[in-house]
1. Taking the highest mean first, how do the peptides 189-197, 167-175 order by number of other beta carbon atoms within 10 angstrom per residue?
2. Please state the relative contact order of the range 107-174 as a whole percent: Cα pairs under 8 Å, 6+ residues apart?
3. Going by the alpha-carbon gyration tensor, a ≥ b ≥ c the square roots of its eigenvalues, is the range 75-143 rounded (a/c under 1.5) or, if a/c is not under 1.5, prolate (a/b greater than b/c) versus oblate?
4. Defining a contact as two alpha carbons under 8 Å apart and six or more residues distant in sequence, what relative contact order in percent does the chain show?
5. Given only helices, namely DSSP H runs of n ≥ 4 each adding -39500 (n - 2.57), what is the per-residue ellipticity at 222 nm of the chain, to the nearest 500 deg cm²/dmol?
6. Return the label of the correct value of Rg/Rh (Cα atoms, Kirkwood Rh), as calculated from the structure shown, out of (i) 0.98; (ii) 0.95; (iii) 1.73.
7. For the ranges 215-225, 92-102, what's the packing order if you count other beta-carbon atoms within 10 Å of each residue, average per peptide, and put the highest first?
8. Enter the accessible area per residue of the chain (Å², integer; probe 1.4 Å; all protein chains in place).
Amino acid sequence: AEDARGKARRDALRVELLARSGRSFTVSLAATACNILVLGALLLIVMRMLRARRAAAAQLETQAGQLTEAVALTTRHNRELKLVAELLRAVEAVPSLPDAGPVIARTMPKLLPGVAGTLFLLRDDDANMLDRHTQWGTPSDQPLAIDIESCWALRHGARYRTAGYDDPACAHYRAPADETAGRLCIPLVTHDELVGMLHVEGLACGPGEDEQERLAVTVAEQLALALGNAR
């Protein structure tokens, strides 16, 4: 009977140990799963924070680049305005219109580096003829005089640009060193009266062409006013 009771106690103790072991395993498994979930959530949060930081850094870099470009553009425009103002003051100060040629030839290469040009002025005694007044850079051999019909810009009263072989050329064009470079003719008009024509060649054909054309037109508008006053 004693042996039977001892065996029963041992069996009960074994069952209890197995039950405790099972519960411990279940608790341990649940704790491990919770730890994995917590670590996963933390990893997800960290990854999101890193992505947010990278996005913020990229945005700051983009904004810094845009600010640098804006500062450079403002600096360039200020320099252009200063040069144009100096040109106008110099032209208005010359004693006669022919004396404006050297002033214009010195200033234009500073405003449009690498771009050549020719300035034609309307004759006082002939409203259909323009004389070559001055040149700068390395222009093509423009004629000494042109009539209004030989220039598309003068015929239509608006600037005219060519950028290659396919564009109709003005009759006064001469073959430049680079025949693929852009040309631009701009009538010089003040108070609805024609004063002359600005012909520039060697304009960029690409990203910078619009900026060069904008500046050339701005200079032409101001130059027309100064030349009209000088005349």
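The values are calculated or read from the model by the stated rules, or taken from the named source; none is laboratory data. Keep in mind it's a predicted model, so treat the numbers as computed, not measured. Please note: Cβ atoms are built from the backbone with ideal geometry, for glycine as well, and neighbour counts cover all protein chains shown. Each accessible area value is taken on the protein alone, full model and side chains, heavy atoms only, with ligands, DNA and RNA left out. Shrake-Rupley method; radii C 1.70, N 1.55, O 1.52, S 1.80 Å.
1. The peptides rank, most packed first, as 189-197, 167-175.
2. Numbers: 86 pairs, mean separation 16.6, N = 68.
24 percent.
3. Working: a/c = 2.49, a/b = 1.42, b/c = 1.75.
Because a/c hits 1.5 or more and a/b fails to exceed b/c, the range 75-143 counts as oblate.
4. 16 percent.
5. On the way: 4 runs with 131 residues, N = 231.
Per the formula, -20500 deg cm²/dmol.
6. The listed entry that was calculated here is (iii).
7. Working: 215-225: 19.5, 92-102: 13.9.
So the peptides 215-225, 92-102, ranked by packing, come out 215-225, 92-102.
8. Details: 14570 Å² over 231 residues.
Per residue, the chain has an accessible area of 63 Å².
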